[in-house]
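Here is the structure we will look at, set down as structure tokens.
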């Protein structure tokens, strides 16, 4: 039953399957590497987030390949008590999977650090309640250290083998930039076998193909700009596919308004600074600057939520500023959105 139901799902997650030696009856447990562990964590967390039913072998229809394989194996064996005991362990696995998925995220949100620390503590507590005195070195690391590492580094990937290899790659790129790409990789084995003449020809061809310093700087700047604008380009492409447009004349109008307002602000500030607060227009300029700063003072504390989408946050800020400018007392709660 394990070979029929569980092993194919373990294999789909990249995990080593459970094997049995037919001569000695020794069972070899499933094996993991880093990629398989991450796939397993995501597989579990997706299912636990959906709050799937567990009664009557309900996990046989789970979104999780792992949980589905275990449930189907128990169901085929009519092992109801074993399945019930397995279900009792799921809270432990749930807290661990949620915390580790956050910990392995490349760029987690700030609020997720606190969530991960809470889940790690719940993992430790639920495991101790289920199996008293079973805490191990790993459990203590989860409770005391992993949350600290997340706060310090932002992701466990940065303090792992994966993180070290990523920094080594970056270091190699920097070193190659500093010596004109002289270390452009080893000479291919077949070229070496062909003799010194072939090696000299290969090195000459490689030197000719190497871009000039100016061309290299231009190419790198272009690539970095595309990487920096990737999110914007992707969003624009999605809007284009959805048929959503923003007319050019409307964009130009908004842009000109922004430029005029920015220029006025700069001019007003500069005049106050140069005049030293004196002169025929000093009072008027100070009054205009005061109005400008009152309009743009922070309205964040009156937003409807602290973790708004940036677009929605900007929209609410704009509405709140206009309300305040019209004399609405935001402190009294009249600005609730």
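For residue 99, indicate whether it is crowded, with 18+ Cβ neighbours inside 10 Å and assigned to a helix (DSSP H, G or I).
Details: crowded, with 18+ Cβ neighbours inside 10 Å: yes; assigned to a helix (DSSP H, G or I): yes.
Criteria met by residue 99.
Taken together, the criteria place residue 68 among residues that are farther than 26 Å from residue 163 by Cα and surrounded by 16 or more Cβ atoms within 10 Å (Cβ to Cβ). Scan (1) surrounded by 15 or more Cβ atoms within 10 Å (Cβ to Cβ); (2) closer than 28 Å to residue 160 by Cα; (3) out of contact with any helix residue (DSSP H, G or I) (no Cβ under 6 Å at 6 or more places or on another chain) for the single condition residue 45 breaks and write down its number. Result: residue 45 fails condition (3) only. Out of everything in region 183-194 that is surrounded by 10 or more Cβ atoms within 10 Å (Cβ to Cβ) and over 20 Å from residue 172 (Cα atoms), what residue ends up being farthest from the chain's Cα centre (by Cα)? So the residue we want is 194.
Each row is one residue, and each column tells you yes or no for (1) modelled with pLDDT of 75 or more; (2) part of a loop (DSSP other than H, G, I, E, B); (3) closer than 26 Å to residue 320 by Cα; (4) under 43 Å from the mean Cα position of the chain (by Cα).
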position: 252; (1), (2), (3), (4): yes, no, yes, yes
position: 258; (1), (2), (3), (4): yes, no, yes, yes
position: 262; (1), (2), (3), (4): yes, no, yes, yes
position: 268; (1), (2), (3), (4): no, no, yes, yes
position: 274; (1), (2), (3), (4): no, no, no, no
position: 284; (1), (2), (3), (4): no, no, yes, no
position: 291; (1), (2), (3), (4): yes, no, yes, yes
position: 298; (1), (2), (3), (4): yes, yes, yes, yes
position: 304; (1), (2), (3), (4): yes, yes, yes, yes
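Restrict the check to region 128-136 and report whether at least one residue is at positive phi and either assigned by TED's automatic domain parsing to the domain that holds residue 34 or modelled with pLDDT under 90 (or both).
So in region 128-136, the residues at positive phi come out as 133.
Now restrict to residues that are either assigned by TED's automatic domain parsing to the domain that holds residue 34 or modelled with pLDDT under 90 (or both): 133.
Within region 128-136, one or more residues are at positive phi and either assigned by TED's automatic domain parsing to the domain that holds residue 34 or modelled with pLDDT under 90 (or both).
Do we find a residue being touching a residue at least 40 places away in the same chain (Cβ under 8 Å) and part of a helix (DSSP H, G or I) anywhere in region 83-90? Break it down into steps so the answer makes sense when it comes.
Of region 83-90, the ones touching a residue at least 40 places away in the same chain (Cβ under 8 Å) are 88-90.
Within this subset, residues satisfying the condition of being part of a helix (DSSP H, G or I) are 88, 90.
Yes, region 83-90 has at least one match.
Go through (1) closer than 13 Å to residue 94 by Cβ; (2) in a helix (DSSP H, G or I) and name the single condition residue 52 misses. Residue 52 satisfies all of (1) closer than 13 Å to residue 94 by Cβ; (2) in a helix (DSSP H, G or I) except (2).
Here 89, 73 are screened, and the one residue that is in contact with a helix residue (DSSP H, G or I) (Cβ under 7 Å, 6 or more places away or on another chain) and farther than 20 Å from residue 126 by Cβ is 73.
How many residues, within region 220-245, are at pLDDT below 80 and surrounded by fewer than 10 Cβ atoms within 10 Å (Cβ to Cβ)? Even if it seems obvious, please write down each step before you answer.
First, the residues of region 220-245 that are at pLDDT below 80: 220, 244-245.
Then keep just the ones that are surrounded by fewer than 10 Cβ atoms within 10 Å (Cβ to Cβ); that gives 244-245.
So the answer is 2.
Total residues in region 94-151 satisfying the condition of being closer than 21 Å to residue 34 by Cβ and out of contact with any helix residue (DSSP H, G or I) (no Cβ under 9 Å at 6 or more places or on another chain): the figure is 6. Taken over region 28-42, residues that are in contact with a helix residue (DSSP H, G or I) (Cβ under 7 Å, 6 or more places away or on another chain) and free of Cβ contacts under 8 Å to residues at least 12 places away in the same chain amount to 0.
The values are calculated or read from the model by the stated rules, or taken from the named source; none is laboratory data. Worth saying up front: this structure is predicted, and the values here are computed from it rather than measured. Glycine gets a Cβ as well: all are built from the backbone with ideal geometry, and neighbour counts include every protein chain shown.
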